[in-house]
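Reviewing the structure listed below.
The values are calculated or read from the model by the stated rules, or taken from the named source; none is laboratory data. Just so it is clear, the model here is predicted, and its values are computed rather than measured. Backbone-built Cβ (ideal geometry, glycine too); neighbour counts: all protein chains shown. Just the protein is used for accessible areas: all its heavy atoms, side chains included, with ligands, DNA and RNA removed. Shrake-Rupley method; radii C 1.70, N 1.55, O 1.52, S 1.80 Å.
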Amino acid sequence: MSLNHKYIHPDFKLNGISFSFMDMKEVGYSLIKEGLFYEISIGNFLLDWVNDENYLEVSTSGSTGVPKKIRLQKQYMVNSAIATGSFFKLHGGSTALLCLPANYIAGKMMLVRAMILGLSLDTVAPNSNPLEDTTKNYDFGAMIPLQLENSIDKINQLQTLIVGGAKMSDNLKIAVQNKSVRVFETYGMTETITHVALKAVNHLEATSDRSFKALPKVSFKLDERGCLVVNAPNISDQEVVTNDLVQLISSTAFEWLGRYDSIINSGGVKLIPEKIESKLSKVIAANFFVAGLPDQKLGQKLILLVEGEMNKADLLKKLKNLSALDKFEVPKEIHTVASFLTTANGKIQRKKTLNLI
């Protein structure tokens, strides 16, 4: 299927009302002038979508550095929407919920999917508990982990949910195991026009493959650092080289290990924070992360940052008795911070938070 960005599916509805491509400019102006706070960004997106440019300027999240503006081809956004629709078998008349801000790529792409695939899309405020005031059921939705965590008692109002923006905690994955909703963790970034790979979180058999699987017409390889390189000619003119350390299962599947730029070299031992954090999550309920601080003897020493107050001595004793941890993976110090700094989509800003101690 090949469609351009000026195509609007005849079944497309926004909050129950049908609109054509020609209507979008008027709808956009109306939302900017009279809409609620979150509808203004929807209006701005619609005006950008129907202008004469073949691209959109969007901001990266800023979770690993300073946010930057990049240009995305509208045709590639259409191609991405079609790939997602194919994967989840979405079609004209399928219902969807937009509860993410439209000034970021994830929210923009929900609108593109709705227009191109013919979804009936409802919008709600992109707050931390988006299902609180709705009793409707939906075929499809997208959330960040914090929204899912706060919606866990009502999450079966969705049939399929994709979760991105930040990594799902082990406790959150456990919480959705007995829910009827199908939950998928996403892998992607602004440069790849949201997700290029998906991983099922629940409704899995004991022998199920738990790796990320590529969307149609996407393939993967490794660079010399062991980092993922994404080849997706339908959504990018060139390969996207990432800083994500992965174990490549095949050209269309991988297991995510951590970030290359967060590796800690402690006494010559290379430690991957995300791998250690997965083990620590068994005994720490609060938000936390590990990092490396300069050390004269080791080069870098491994430390643990925990959000909120806790008994450091008791926690350190627990960690030393945690059999899953290698001796090099036991933090040398524990620090507490009243509140972590995060991006708008819930990612912890590690470097900025580290500066608080």
Hits among lysines - C-alpha to C-alpha of Lys347 under 20 Å, sequence gap 8 or more where chains match: Lys68, Lys69, Lys108, Lys167, Lys173, Lys199, Lys275, Lys279
Largest-first ordering by accessible area, 1.4 Å probe, given options Asp153, Asp48: Asp153, Asp48
For q = 0.20 Å⁻¹, Debye-computed log10 I/I(0) when each Cα of region 213-330 counts as one equal scatterer: -1.07
Karplus-derived HN-Hα couplings along region 145-155 (A = 6.51, B = -1.76, C = 1.60, θ = phi - 60°), whole Hz, x at Gly and Pro: x, 4, 5, 5, 4, 7, 10, 4, 6, 10, 5
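Computed FRET efficiency, Cβ-Cβ of Lys275 and Lys33, R0 51 Å: what is it to the nearest 0.05? Working shown, then result.
Values: r = 50 Å, r/R0 = 0.98.
E(calc), rounded to 0.05, equals 0.55.
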Estimated vicinal HN-Hα couplings, Hz - region 280-291 in sequence order (Karplus 6.51, -1.76, 1.60; Gly, Pro = x): 5, 4, 6, 10, 10, 8, 6, 5, 7, 7, 10, 8
Fraction of accessible area attributable to carbon and sulfur, the chain (%, probe 1.4 Å): 49
Residue (of Ser251, Ala142, Ile272) at the positive-pole extreme of the chain, dipole from beta-carbon charges: Ile272
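Which order do His203, His9 take by accessible area at a 1.4 Å probe, largest first? Before the final figure, lay out the partial values.
Values: His203 105, His9 35 Å².
From most exposed to least exposed: His203, His9.
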Cα-projected label distance for Lys217 with Lys136, points at 7 Å along beta-carbon direction, nm: 3.1
Separation in nanometres of the label points that stand 7 Å from Cα toward Cβ, at Ala324 and Gln75: 4.7
Between region 194-231 and region 279-357, the Cα center-to-center distance that results, in Å: 28
Gain upon complete extension [Ile357, Ile174; 0.36 nm per residue less C-alpha separation]: 62.7 nm
Residues whose placed amide H lies under 5 Å from that of Thr342, excluding near-sequence neighbours: Gln349
³J(HN,Hα) computed for each position of region 204-211 - Karplus, 6.51 cos²θ - 1.76 cosθ + 1.60, integer Hz, glycine/proline x: 10, 7, 4, 9, 5, 6, 9, 8
Per residue value of the accessible surface for the chain (all protein chains in place, 1.4 Å probe), Å²: 49
Ala313 paired with Thr342, simple spin-label distance in nm, labels 7 Å along Cα-to-beta-carbon: 3.2
Charge dipole (debye, nearest 20) of region 170-305; +1 at Cβ of Lys and Arg, -1 at Cβ of Asp and Glu: 440
Normalised contact order of region 227-357, rounded percent, pairs of Cα under 8 Å and 6 or more residues apart: 15
Other-chain or far-sequence residues with amide H under 5 Å of Gly258's (modelled H): Leu245
Gain upon complete extension [Glu224, Asn243; 0.36 nm per residue less C-alpha separation]: 5.7 nm
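Once the mean 1/r over all distinct Cα pairs of region 119-190 is inverted, what Kirkwood radius in angstroms do you read off?
For region 119-190, the Kirkwood estimate is 12.5 Å.
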Geometric extent, Cα atoms of the chain - Rg, Dmax (angstrom): 21.3, 67
Distant-in-sequence amide H partners of Ala142 (H built 1.01 Å from N, under 5 Å): Leu97, Cys99, Ile162
Qualifying trypsin sites (Lys or Arg not before Pro) for region 1-103 [loop in DSSP, other Cβ within 10 Å: at most 15]: Lys6, Lys68, Lys89
